[in-house]
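We did not get these values from a lab; they are worked out from the coordinates using the rules stated. All values derive from a computational prediction rather than experimental measurement. Cβ atoms come from the backbone with ideal geometry, glycine included; neighbour counts cover every protein chain shown.
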Amino acid sequence: MKTLIKNINIIDPKKEEIDVNSSIAVDNGQIKDIGKNISQNKSNYENIVDGEDNYILSGFIDSHVHLMARGFVNSDYMSDPLSYYFYKGAENCRKTLECGITTARDCGLLDYGVKLSANKGLIYSPKLQISIMPISITGGHFDITLKSGYDMIPQYPGFPHPVANGVEGVIRKTREIVRSGADFVKVMASGGVISESDSPQDIQYNKKELKGIVDEANRLGKKKVATHCHGLGGLELSLKAGVHSIEHGTSITKNLAQEMIKKGTFLIPTFSVIQWQRKQAKKKVLPEDKIPKALEVSKIHKENIEIAYNEGVKIAMGTDSGVHEHGQNLKELEHLVNMGMDEREALIAGTLTSAECLGLEDKIGSIETGKSADFIITKKNPLENIKSLQDKNNLKIIIQDGNIIKNILN
């Protein structure tokens, strides 16, 4: 379908000036032309969208979601049928897309069938990169076995069990994850907040094990590896092993930040989940054994991420939604601004840098000819107020691959 988006103000956060009263021509889901001199002849297009002097940005990318997760309430996971989670996953995909996330990287507990359904247009969803299931040591951050002995991991052929130990064990598990349809591999390199049996500072895989995962993932089609890291030891070992991205990065130091820059490693801070857990801990809503861990992590997270930012580490936007509420993803941009970024930097983190993290910078992440026609159109200028992106009524139009997902403008 050929579409013309006219009378629009294009925000490219890499540029100081907004391209006012401009137009974008779309053909077959791709951006074909941009500028003021594009033909306005109606006969050239099957669809014309009047931007009415609003603002258009590239669709946002969330680099860390859990679309089939809905919190980690043990009783729910023990009682609800697995089929319910697939339907909830579809709803969570829709919520995420409708808040302006046109692409997402799922960091665990989402099977290939959900991605296939999205690709075939059976559900409304961001375009997806998936990791199927994180890899965890016995008793680690994704060994969700309760003290009663009940294992909360669903018994389902599309979900390889996450637990693997030793070099041979993690290599085998990496192969199972990739066989199941993973686009990248997620590894729990340190303990976490919602874990049953560990501390956020705990080291969970040694250097040989992490290197075994990275090497095997690379051998199996150059798959990238993302590691969950709160603790200093997990961060150090992950960088030595050559991982592609660090998730959370709570204990990052200046020296480690410089090492990340040398290696081109991405950092996804996930402020949204850290701040959500802090609030839940203060309200004493979290389980009692999780409260000290949530407060410990939130106490040091922001100041350490600011160190990484000041050093120049590549920061991509990720929310860890699924641990907390879906559909509030763009609040992460406000957190990035509160940390120290200006609005332009936050927009870049949520678009082009996230696209680079996913290895898709030639396809998405900016409004350029040849790239996918993924856009959001807003009434308010987010460069003046980044929080305005959290207002669903301000998101007038959402377009994904040239298809209009939402239009409350005209």
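Projected onto the charge dipole of the range 150-219 (+1 at Lys/Arg Cβ, -1 at Asp/Glu Cβ, origin at the Cα centre), which of Pro154, Val193, Asn218 gives the Cα projection farthest towards the positive end? Working it through, the farthest residue towards the positive pole turns out to be Asn218.
The amide H of Gln129, built 1.01 Å from its N in the peptide plane, has Ala104, Arg105, Asp106 as neighbours under 5 Å, considering only residues 5 or more places off or on other chains.
In this label model, His161 and Asn37 are separated by 6.6 nm, measuring between points 7 Å along each Cα→Cβ vector. What does the C-alpha gyration tensor say about the overall shape of the range 329-410? Classify as rounded when a/c is under 1.5, otherwise prolate if a/b is larger than b/c, or oblate. Verdict is oblate for the range 329-410.
Taking θ as phi - 60° and the Karplus parameters 6.51, -1.76 and 1.60, the scalar couplings of the range 126-131 work out to x, 5, 10, 10, 10, 10 Hz in sequence order, x denoting glycine and proline.
Placing +1 on the Cβ of every Lys and Arg and -1 on the Cβ of every Asp and Glu, with nothing else charged, gives the range 1-71 a dipole about its Cα centre of roughly 200 debye. Counted by neighbouring Cβ atoms within 10 Å, the residues Cys229, Cys107 run from fewest to most as Cys107, Cys229. In order along the range 393-400, the Karplus-derived 3J(HN,Hα) couplings, from 6.51 cos²θ - 1.76 cosθ + 1.60 at θ = phi - 60°, round to 6, 7, 7, 6, 9, 10, 10, 10 Hz, and Gly and Pro are given as x. Think of the chain as having a plus end and a minus end, set by charges on the Cβ of Lys, Arg, Asp and Glu; of Phe142, Tyr309, Thr265, Phe142 sits farthest toward the positive end of this dipole.
In this structure, the amide hydrogen of Ile405, modeled 1.01 Å from its nitrogen in the peptide plane, lies closer than 5 angstrom to those of Ile398, Ile399, Gln400, counting only residues at least 5 positions away or on a different chain.
Excluding same-chain neighbours fewer than eight residues apart, the lysines reachable from Lys115 by a Cα-Cα span under 22 Å are Lys88, Lys95, Lys127, Lys173, Lys186, Lys222, Lys223, Lys224, Lys363, Lys371, Lys406. The amide H of Asp202, built 1.01 Å from its N in the peptide plane, has Gly191 as neighbours under 5 Å, considering only residues 5 or more places off or on other chains. Spatially, the range 1-42 and the range 121-199 are offset by 42 Å when compared through their Cα centroids. Our note on the geometry: Cα centres of the range 303-343 and the range 356-391, 16 Å apart. Counting beta carbons within 10 Å around each of Met317, Met152 and listing the fewest first gives the order Met152, Met317. Only one residue of Asn385, Gly35, Gly359 has its Cα farthest out toward the positive end of the dipole of the chain, where Lys and Arg carry +1 and Asp and Glu -1 on Cβ, and that residue is Gly359.
Sort His335, His230 so that the residue with the fewest other Cβ atoms within 10 Å of its own Cβ comes first and the one with the most comes last. Write down the numbers at each step before the final one.
Working: His335 21, His230 28.
Going from sparsest to densest Cβ surroundings: His335, His230.
Considering helices alone, the calculated mean residue ellipticity of the chain at 222 nm is -10000 deg cm²/dmol, with DSSP H runs of length four and up weighted by -39500 (n - 2.57) and normalised per residue.
What does the charge count near Lys396 come to, summing +1 for each Lys or Arg and -1 for each Asp or Glu among other residues with Cβ under 12 Å from its Cβ? Intermediate values should be presented prior to the final figure.
Numbers: positive: Lys379, Lys380, Lys392, Lys406; negative: Asp50, Glu52, Asp53, Asp391.
Cβ neighbours under 12 Å give a net charge of 0.
Sort largest first and round to whole Å: the equivalent ellipsoid semi-axes of the chain, each the square root of five times a Cα gyration tensor eigenvalue.
Numbers: eigenvalues 260, 100, 82 Å².
Sorted largest first and rounded, they come to 36, 22, 20 Å.
Here the Gaussian network model covers the chain, with springs between Cα atoms less than 10 Å apart; of Pro292, Pro81, Pro154, Pro81 fluctuates the most. Comparing Met133, Met339, Met260 in a Gaussian network model of the chain, where Cα atoms under 10 Å apart are tied by springs, the biggest mean-square fluctuation is seen for Met339.
Using a simple charge model, +1 on the beta-carbon of Lys and Arg, -1 on the beta-carbon of Asp and Glu, nothing else, what dipole does the range 296-410 show about its Cα centre, in debye to the nearest 20?
Values: 13 positive and 19 negative charges, 109 e Å.
Using Cβ point charges on Lys, Arg, Asp and Glu, the range 296-410 gives about 520 debye.
Summing charges over neighbours of Asn41, with a neighbour being any other residue whose Cβ is under 14 Å away from its Cβ, gives +1 when K and R count +1 and D and E count -1.
What you get for the range 60-357, charging only the Cβ of Lys and Arg (+1) and of Asp and Glu (-1), is a dipole of about 420 debye around the Cα centre.
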